[in-house]
Amino acid sequence: MENSVLLSKCKEVLEALCVSIGERPVGSEGNRKATAYVEEQFRSFGLQTETPGFDAIDWLDGGASLRCGDASLREGPSAFSLFDLPEDISSVVSYILQRSENIVEGIKWPQGDHSIFLQYGVPAIAVSSNWFTENIDKQDITHGPKDNIQIVDCRRLAERALVLGSLVRRI
């Protein structure tokens, strides 16, 4: 995919997920809409998709939440944090990250959408900004007024997509 097309697609996806669908905490209606949207996008690229069901606490708005996500994509490198990957996949990820200019292996952080996979013993890769993982306890961007589409650098998002594509092709 040409970089300008990828950049345009990244902007389109961000607009859909962040503006049209909006908030999407795990188990919420927004999360289900986002899942369906992402599945549709993957299929449009010719990828086979599967959405397996599993038991999880469903969404109920009780007035409190703990949500963490990405922040400040413009500062520093992106980070891929690896959780319980099989050795063959871990070595492929390490190989690809060593050759990626703006992406590093990040620290393991338990807060986030990836944690549901960890709770069920499913290996995961959490993709974030390195700034976010290093400042998770101090930052005030995530899921607040400062967390908006304007802070996202779509070129960084495109870099991540290319690296993830390379990873998928190699495994």
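The values are calculated or read from the model by the stated rules, or taken from the named source; none is laboratory data. Everything quoted here is computed from the prediction, not taken from an experiment. Because the Cβ atoms are built from the backbone with ideal geometry, glycine has one as well, and the counts that use them run over all protein chains shown.
Summary of computed values
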{"item": "Residues of region 22-42 satisfying the condition of being modelled with pLDDT of 85 or more and either surrounded by fewer than 16 Cβ atoms within 10 Å (Cβ to Cβ) or under 22 Å from ARG156 (Cα atoms) (or both)", "result": "ARG32, ALA34, THR35, ALA36, TYR37, VAL38, GLU39, GLU40, GLN41, PHE42"}
{"item": "Residue within region 75-92 that is in contact with a strand residue (DSSP E or B) (Cβ under 9 Å, 6 or more places away or on another chain), surrounded by 17 or more Cβ atoms within 10 Å (Cβ to Cβ) and in a helix (DSSP H, G or I) present", "result": "no"}
{"item": "Complete set of residues in region 1-44 that are farther than 24 Å from VAL163 by Cβ and assigned to a helix (DSSP H, G or I)", "result": "VAL19, SER20, ILE21, GLU29, GLY30, ASN31, ARG32, LYS33, ALA36"}
{"item": "Test for LEU73: is it modelled with pLDDT of 90 or more and touching an Asp or Glu at 6+ places or on another chain (Cβ under 6 Å)", "result": "no"}
{"item": "Residue in region 78-86 that is at pLDDT 85 or above, closer than 26 Å to ASP137 by Cα, of a type in the set (Gly, Ala, Ser) and in contact with a helix residue (DSSP H, G or I) (Cβ under 6 Å, 6 or more places away or on another chain) present", "result": "yes"}
{"item": "Any hit, region 103-122, residues being out of contact with any strand residue (DSSP E or B) (no Cβ under 8 Å at 6 or more places or on another chain), loosely packed, with under 15 Cβ neighbours inside 10 Å and at positive phi", "result": "yes"}
{"item": "Any hit, region 105-113, residues being under 21 Å from GLY76 (Cα atoms), in contact (Cβ under 8 Å) with a residue 12 or more places away in the chain, in contact with a Gly (Cβ under 8 Å, 6 or more places away or on another chain) and among the small types (Gly, Ala, Ser)", "result": "yes"}
{"item": "Qualifying residues in region 89-117 (those that are more than 14 Å from SER128 (Cα to Cα) and of a type in the set (Gly, Ala, Ser)) - the one farthest from the chain's Cα centre (by Cα)", "result": "SER91"}
